[in-house]
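Heads up, the thing below is written out as structure tokens.
The values are calculated or read from the model by the stated rules, or taken from the named source; none is laboratory data. Predicted model, so just to flag it, every value in this text is computed and none were measured. With ligands, DNA and RNA removed, areas are computed over all heavy atoms of the protein, side chains included. Shrake-Rupley method; radii C 1.70, N 1.55, O 1.52, S 1.80 Å.
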Amino acid sequence: DTERFRPADRLEARRRLGLPADRPVVVCVASFYGHHGRELLESAAREAGVLLVLVGTGGPGREDLRCEGRVEHERVPDYLAAADLCAYVLKAPHPRFGFSPLKLYEYMASGRAVVAATDLGEIREFIRSRGVGEAVENAMQNMKYRFEIAAPFEVVEQNATEVVEGTLVWTFGYE
């Protein structure tokens, strides 16, 4: 849905959500079942020194973690706009596990770089081949790497938006 999920002003979104303007923010939107690897994500964010915002799960926060709980779908674009990176962590629970990378597409439509840690090679290849972020099997290595480099995310964010608009939007015409 590129009407709802599109690039937006990062600082304005942070102001609306009460997030700091001067700190790297990583957002992950998920239902946070066991296969979403929340523990890997929290560990990686802590090691990288970023503020991790989890949308879709509650729980106690701390200096480096903010748990937003479930939010209305209409509010999710604000969280994505506020992010420096959007995280996608998924461990396949069994070999025939089916998945939908919808969150990944929403991240990309929002023009945000993706940092992914997954044992699903299809997702890693998709992210790498389209230049929309970084994808490895080790979440800590991946997130730390993205924040230690000096290069801005503008190219990656532009690639993400172009991939969604050029290949992933379904447009139907009815007469």
Volume per residue that the Cα convex hull of segment 1-45 spans, once the total is divided by residue count, Å³: 114
Solvent-accessible heavy-atom area per residue, rounded to whole Å², over segment 1-85 at 1.4 Å: 49
Antiparallel %, DSSP beta bridges [both residues in segment 1-71], to 5: 10
